[in-house]
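Everything on this sheet refers to the single structure shown next.
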Amino acid sequence: MSVKQFRIAVLAGDGIGREVMAPTISVLEQVTRKIGGFALCFEDLPAGAAHYAATGEAMPARTLAAAKAADAILLGAMGDPAIRYPDGTEIAPQLQLRFDLGLYAGVRPVRALPNVPSPLRDPRAAKLDFVLVRESTEGLFASRGKGVIENDAVARETLVITRKVSERLFDFAFQLARRRKQQGRPGIVTCVDKANVFSAFAFFRRVFQERTASYPDIEARCAYVDATALDMVRKPWSFDVLVTENMFGDILSDLGAGLIGGMGVAPSADIGDDYAVFQPCHGSAPDIAGTGTANPTATFLSGAMMLEWLALRHSVPTCNEAAHLLRQAVDDAFAGGKLVTAEFGGKAGTRQVTEAVLAKLE
């Protein structure tokens, strides 16, 4: 029986990004051995703020080439407020990857973990499970690096929404909702916009409504972004798949992470037609780097998302089995209530969380 080999480009990055990456690879190797039927071959590649400080390059050409040649890209966290470009902006090659690789669908799951504290007191919050899909290559972020300040009096940035990218984004969201519906979820896609004020968002909504005709099995809804922010606090269990513009998605995804306990447990993926990057939602957190307190859970769960994507893209069911097993091991590690990480006042750091998840995989 042949074993499918996957090449994984690893961009550990800066700060705690490097600290959570090594245990993530250990966990992925363990779950791969447990399930079998495929193999992951990891290639460590340089990029990030520290590499920029040392070499003058944030994303070397050879790193980008190797990432493009890989089957998937696993990223830790990049950036350091103390290391900046000459114009004062922070080093963020992970953002450039989205544009270079056409990663138009930013996927941000909002799923509660057992015994991980949520600011919501309603018992339904313990079973929270929805996904925010953020367009990641245009919207207001299309102006990144192109903003204009006129005579120190007026600043201008331009919002860009195109039909081509929006159609692909909506198709991605509907197909995701369809897969979730097969797993028992409601099968609802909500377009989040500000169509009552801006013509660009009215266009965004119109394209969404056009795409609904191709998915009669999925319920389609529309909502304004301000009302959505309210309902994400008031009744987030009413959502299934939310799809929105880049800046709105940037803001709402952090709100979603807050609902399930914060960035330390929030995974993410940036997916295009040909490439995909998987990374935790948190940053490099230089204030806690080297202390051993970084929570690797978000990166573990991002690894599970990577396995699911590989399964879907290459028709390898064992990758799906591995993703399910890894996610279940994370849930089981926290389910007993004894594993409490530092951000929640506990003593469990990177090593303790890793050991707990590896034990459940055994």
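The values are calculated or read from the model by the stated rules, or taken from the named source; none is laboratory data. These numbers come from a predicted model, not from an experiment. Because the Cβ atoms are built from the backbone with ideal geometry, glycine has one as well, and the counts that use them run over all protein chains shown.
Below is a table of values for the structure above.
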{"read-out": "Number of the condition not met by residue 216 [criteria: (1) surrounded by fewer than 20 Cβ atoms within 10 Å (Cβ to Cβ); (2) in contact with a strand residue (DSSP E or B) (Cβ under 9 Å, 6 or more places away or on another chain); (3) not aliphatic (A, V, I, L, M)]", "value": "(2)"}
{"read-out": "Of all residues making up the stretch 277-306, the number that are in contact (Cβ under 8 Å) with a residue 24 or more places away in the chain and either among the acidic types (Asp, Glu) or part of a helix (DSSP H, G or I) (or both)", "value": "10"}
{"read-out": "Strands (runs of 3 or more DSSP E) (entirely within the stretch 116-159) containing at least 2 residues that are of a type in the set (A, V, I, L, M) and farther than 30 Å from residue 332 by Cα", "value": "148-150, 154-156"}
{"read-out": "Cross-chain or 6+ apart pairs with Cβ under 7 Å, the stretch 339-352 first and outside any strand (DSSP E or B), then among the acidic types (Asp, Glu) and at pLDDT 95 or above", "value": "350/19"}
{"read-out": "Qualifying residue in the stretch 86-109 (condition: touching a residue at least 40 places away in the same chain (Cβ under 8 Å), over 30 Å from residue 188 (Cα atoms) and in contact with a helix residue (DSSP H, G or I) (Cβ under 6 Å, 6 or more places away or on another chain))", "value": "yes"}
{"read-out": "Test: residue in the stretch 262-283 that is surrounded by fewer than 24 Cβ atoms within 10 Å (Cβ to Cβ), closer than 18 Å to residue 29 by Cβ and over 12 Å from the mean Cα position of the chain (by Cα)", "value": "no"}
{"read-out": "Filter result for the condition that a residue is in a strand (DSSP E or B) and in contact with a Gly (Cβ under 9 Å, 6 or more places away or on another chain), over 103, 74", "value": "74"}
{"read-out": "Residue pairs meeting the criteria (Cβ under 6 Å; at least 6 apart or on separate chains; first farther than 9 Å from residue 207 by Cβ and among the aromatic types (Phe, Trp, Tyr), in the stretch 157-177; second at pLDDT 95 or above and assigned to a loop (DSSP other than H, G, I, E, B))", "value": "174/215; 174/218"}
{"read-out": "In the stretch 98-112, the residues that are closer than 23 Å to residue 330 by Cβ and buried (at least 20 other Cβ atoms within 10 Å of the Cβ)", "value": "106, 107, 108, 109, 110, 112"}
{"read-out": "Some residue of the stretch 137-147 being more than 20 Å from residue 267 (Cα to Cα), among the aromatic types (Phe, Trp, Tyr) and loosely packed, with under 14 Cβ neighbours inside 10 Å", "value": "no"}
{"read-out": "Condition met for residue 177 (among the aliphatic types (A, V, I, L, M), at pLDDT 95 or above, surrounded by 18 or more Cβ atoms within 10 Å (Cβ to Cβ) and part of a helix (DSSP H, G or I))", "value": "yes"}
{"read-out": "Any hit, the stretch 22-44, residues being assigned to a loop (DSSP other than H, G, I, E, B), out of contact with any Lys or Arg (no Cβ under 7 Å at 6 or more places or on another chain), modelled with pLDDT of 95 or more and surrounded by fewer than 20 Cβ atoms within 10 Å (Cβ to Cβ)", "value": "no"}
{"read-out": "The listed residue being surrounded by fewer than 16 Cβ atoms within 10 Å (Cβ to Cβ), under 23 Å from residue 41 (Cα atoms) and either within 22 Å of the chain's Cα centre (by Cα) or not assigned by TED's automatic domain parsing to the domain that holds residue 289 (or both), out of 327, 313", "value": "313"}
{"read-out": "Single residue of 83, 73 found to be within 11 Å of residue 10 (Cα to Cα) and either in contact with a Phe, Trp or Tyr (Cβ under 8 Å, 6 or more places away or on another chain) or modelled with pLDDT of 95 or more (or both)", "value": "73"}
{"read-out": "Restricting the stretch 325-357 to residues that are of a type in the set (Asp, Glu) and closer than 14 Å to residue 265 by Cβ, the residue that is modelled with the lowest pLDDT", "value": "343"}
{"read-out": "Residue pairs meeting the criteria (Cβ under 6 Å; at least 6 apart or on separate chains; first within 15 Å of residue 75 (Cα to Cα) and not assigned by TED's automatic domain parsing to the domain that holds residue 5, in the stretch 17-44; second part of a strand (DSSP E or B) and of a type in the set (Phe, Trp, Tyr))", "value": "none"}
{"read-out": "Test: residue in the stretch 112-127 that is outside the structural domain of residue 216 (by TED's automatic domain parsing), within 26 Å of residue 303 (Cα to Cα) and within 16 Å of the chain's Cα centre (by Cα)", "value": "yes"}
{"read-out": "Enumeration of residues in the stretch 307-338 that are not in a helix (DSSP H, G or I) and not hydrophobic (A, V, I, L, M, F, W, C)", "value": "315, 336, 337, 338"}
